[in-house]
Amino acid sequence: MDGERKTVILTGASRGIGHATVKRFSEAGWRIVTCSREAVPEECKRDPNWSHHLTADLSVAAELDRFIAESLAILGAGPLHALVNNAAHSPKTAFKERLGCLNGDVEGWREVFELNVFAPLALARGFAQVLHRGQGSIVNITSIAGHAIHPFASSAYSTSKAALSALTRELAVEFAALGVRVNAVAPGEIETAMIGPEYDALIPRIPMHRLGRPEEVAAAVFQLCGADFGYVTGTEIFVTGGQHLY
């Protein structure tokens, strides 16, 4: 740590990539403020660096506004050094059918975009001043599905992640004037609770011939928030084992 203790705000923290990312920042001594729809696991409450967890559904405008207000109150006059927009929604059917453009409820698309696109935009705007104060970084978690048709991800999810990639570039240009860098990490097939046995069929399409680990995504997120990447903005790093090359 160089000088002051750093603070990260991370959404979607209760499991998977979000939970692994919290652990990575905690190992480096960062103070951590998180948000998810669920409470954090009991064992995580013993982490002294994980100082605040706020339960909120960021797809609901009132809860999103409340999360921003409560987080700003936690920060007080202090800076924010990193914002990680990880919370996302990927709708599924009960019978494993892929939700494309012709099936499924259009209202479901709106729900996906509220959480996957509009919430990261609102959080970036809401924390712009404290990020400027900390000369911090924003990292958006996108997806390989935002760059190619995916056999399992819904069309709404894939389209929202493509929009988040574009939003990352737009934010990078505008936030550069604030001294804030904005990048994205696009995971491929990562071993989380969302991955089922059907994903084994995708392994032959991955040059490294294995699924990724949440810790590997977390490491990329962490590095983007550090001084070694101080001249990197508007970039999307693919953590896919090379799958995005096909």
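When Leu202 is tested against the conditions (1) closer than 25 Å to Trp30 by Cα; (2) surrounded by 14 or more Cβ atoms within 10 Å (Cβ to Cβ); (3) in contact with a helix residue (DSSP H, G or I) (Cβ under 9 Å, 6 or more places away or on another chain), the lone failure is (1). When Leu83, Leu64 are checked against the criterion of being touching a Ser or Thr at 6+ places or on another chain (Cβ under 8 Å) and either within 24 Å of Leu178 (Cβ to Cβ) or of a type in the set (Phe, Trp, Tyr) (or both), Leu83 stands alone in meeting it.
Any idea which residue in region 164-187 is farthest from Ala219 (Cα to Cα), counting only those that are in contact with a helix residue (DSSP H, G or I) (Cβ under 8 Å, 6 or more places away or on another chain) and either surrounded by fewer than 19 Cβ atoms within 10 Å (Cβ to Cβ) or modelled with pLDDT under 95 (or both)? Quick ask: steps written out before the conclusion?
Within region 164-187, the subset in contact with a helix residue (DSSP H, G or I) (Cβ under 8 Å, 6 or more places away or on another chain) is 164-165, 167, 171, 175, 178-187.
Those still in the list that are either surrounded by fewer than 19 Cβ atoms within 10 Å (Cβ to Cβ) or modelled with pLDDT under 95 (or both) too: 165, 178-179.
On the way: Ser165: 19, Leu178: 25, Gly179: 23 Å.
Applying the filter and picking the extreme gives Leu178.
Is it true that Ile203 is at negative phi, at pLDDT below 90 and either β-branched (Val, Ile, Thr) or under 15 Å from the mean Cα position of the chain (by Cα) (or both)? Don't jump to the end; show me each part of the working.
On the way: at negative phi: yes; at pLDDT below 90: yes; either β-branched (Val, Ile, Thr) or under 15 Å from the mean Cα position of the chain (by Cα) (or both): yes.
So Ile203 fits the description; yes.
Applying a threshold of 9 Å to beta carbon distances and a minimum spacing of six or more residues, or different chains, the list of pairs starting in region 69-89 at a residue that is in contact (Cβ under 8 Å) with a residue 60 or more places away in the chain and ending at one that is among the acidic types (Asp, Glu) and surrounded by fewer than 20 Cβ atoms within 10 Å (Cβ to Cβ) reads Gly78/Glu4; Pro79/Glu4; His81/Glu4; His89/Glu111; His89/Glu114. Among the residues of region 219-246, those that are assigned to a helix (DSSP H, G or I) and under 15 Å from the mean Cα position of the chain (by Cα) comprise Ala219, Ala220, Val221, Phe222, Gln223, Leu224.
Residue-wise test of (1) over 25 Å from Ser59 (Cα atoms); (2) out of contact with any strand residue (DSSP E or B) (no Cβ under 6 Å at 6 or more places or on another chain); (3) among the small types (Gly, Ala, Ser).
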position	(1), (2), (3)
Pro151	yes, yes, no
Tyr157	no, yes, no
Lys161	no, yes, no
Leu164	no, no, no
Arg169	no, yes, no
Ala177	yes, yes, yes
Ala184	no, no, yes
Pro187	no, no, no
Ile190	no, no, no
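Residues in region 195-246 that are basic (Lys, Arg) and out of contact with any strand residue (DSSP E or B) (no Cβ under 9 Å at 6 or more places or on another chain) were compared, and the one that is nearest to Pro151 (Cα to Cα) is Arg205.
Among the residues of region 206-246, which ones are of a type in the set (Lys, Arg) and surrounded by 15 or more Cβ atoms within 10 Å (Cβ to Cβ)? Let's see the steps before the verdict.
Keep residues of region 206-246 that are of a type in the set (Lys, Arg), which gives 210, 213.
Residue satisfying the conditions is Arg213 alone.
The values are calculated or read from the model by the stated rules, or taken from the named source; none is laboratory data. Source: prediction; values computed, not measured. Cβ sites come from the backbone with ideal geometry, for glycine too, and all protein chains shown count toward neighbours.
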